[in-house]
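Working notes, beginning with the structure itself.
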Amino acid sequence: MNSYPLISVIMSVYKEEREWLVSSIQSILDQTVSDFEFIIILDFPNSELLKTLKDFEKKDSRIIIYQNEKNVGLVESLNTALSFSRGKYIARMDADDISHKNRFEKQLKYITLNNLDLVGGNVNIFHSNKGIYNTTDKVQSDYFLCKLLKIGTIGIVHPTFFSKRNVYDTIGGYYHAECAEDLELLMRANLNGFKIGNIPDVILDCRYSEKSITKENAYFMFCTVKYLKSLYRSSLKSGDYKFNSNYIELYLYDENNKLAFSEKQNLMSEARHSFNEKKYISFLINLIKSILISRTVFFSIKVNVMSFLFRKVEVKIPKVLLACIKIKLQ
């Protein structure tokens, strides 16, 4: 009997609501593929959530709990989980999201049939009080996902990452690209020749929270992305990738612009919500307001427009032809 699990699921817990955490863990335990270990790092010492986690650990031997001695952040916690992992595949999960029960089954099949190294999938974005308000239609092909990386955006939702172990072993886990560690990891994966993709199915419900770390640090993340985009583009030309852990000193954000950026983000969120509900006048009003507040909105518009166009092209072009185009351009 094989003593190593097929999949290692890695998750970091910080200050999530207990109810959210329970739903998240249960969604993994209910997967149709049951051959996995579930490594959970508690990154909040003396947390009341420890009892909840320990209760799960007692009930299910697949769950392994580790508690950090102090708060070290998501990157360190994920790398700790990776160091303990033994699976052939590595799956990411967030402590406030909900995986659909056939997520692993679908991702295993897709990554094998399409000869990929890392895959994600589409998600329902939901609010605890409002329910589902958007469903993504992500770019699927390695070719266009790499085009998005050049723009400076990620085309795969981080908690849907499902990869061969070799990806993490080769590139060395996560780097301290704070609030954009997933984007940085995909850039290195691409530069090392790994193939990425998205399955067309919705495989996860992604919770929107105004208090999430990503939302609270949106402007910091924007500045990080500026650095990563520059680094990635120069590395594509030179073949030399040197991540500078002191990058924030090079791209130090302006505190005066931080408040405006945050307000712009809220208006863009309202604009997207209005567009999805076909309230186009409200959409235009919020869009114009966001443009007047911060010019960074043009980057957001570019990302959304290019993602939309790439997806439309994918639908029109057969996968075989798209693969041939990429090979010819290499």
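Values in this text are rule-based calculations from the coordinates and carry no lab data. Model, not experiment: these values are computed from the prediction. Because the Cβ atoms are built from the backbone with ideal geometry, glycine has one as well, and the counts that use them run over all protein chains shown.
Listing for the model above:
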{"quantity": "Whole-number D in µm²/s for the range 34-134 (Stokes-Einstein; Kirkwood sum over Cα pairs; 37 °C, 0.692 mPa s)", "calculated": "208"}
{"quantity": "Derived scalar couplings ³J(HN,Hα) [the range 26-32; Karplus, 6.51 cos²θ - 1.76 cosθ + 1.60; whole Hz; x for Gly, Pro]", "calculated": "5, 5, 7, 5, 8, 4, 5"}
{"quantity": "Farthest positive-ward along the chain dipole, Cα basis, beta-carbon charges - from ASN79, VAL167, ILE111", "calculated": "ILE111"}
{"quantity": "Rg followed by Dmax, in Å, when the chain is reduced to its Cα trace", "calculated": "19.8, 63"}
{"quantity": "Projected label distance in nm at SER230 and LYS242, using a 7 Å step from Cα toward the beta-carbon", "calculated": "1.5"}
{"quantity": "Magnitude of the charge dipole, the chain, Cβ model with Lys/Arg +1 and Asp/Glu -1, debye to 20", "calculated": "1400"}
{"quantity": "Protection-proxy order for peptides 54-63, 163-172, each taking the mean of Cβ atoms within 10 Å per residue, highest first", "calculated": "163-172, 54-63"}
{"quantity": "For the chain: relative contact order, % (alpha-carbon pairs under 8 angstrom, 6 or more apart)", "calculated": "17"}
{"quantity": "Helical contribution to [θ] at 222 nm, DSSP H n ≥ 4, -39,500 (n - 2.57), averaged over the chain, rounded to 500", "calculated": "-16000 deg cm²/dmol"}
{"quantity": "Cross-link pairs LYS237/LYS316; LYS147/LYS242; LYS150/LYS279; LYS15/LYS109; LYS70/LYS164; LYS101/LYS316 - those with Cα-Cα distance over 26 Å", "calculated": "LYS237/LYS316; LYS150/LYS279; LYS15/LYS109; LYS70/LYS164; LYS101/LYS316"}
{"quantity": "Computed lengthening from SER3 to LYS58, 0.36 nm per intervening residue step minus Cα-Cα distance", "calculated": "17.8 nm"}
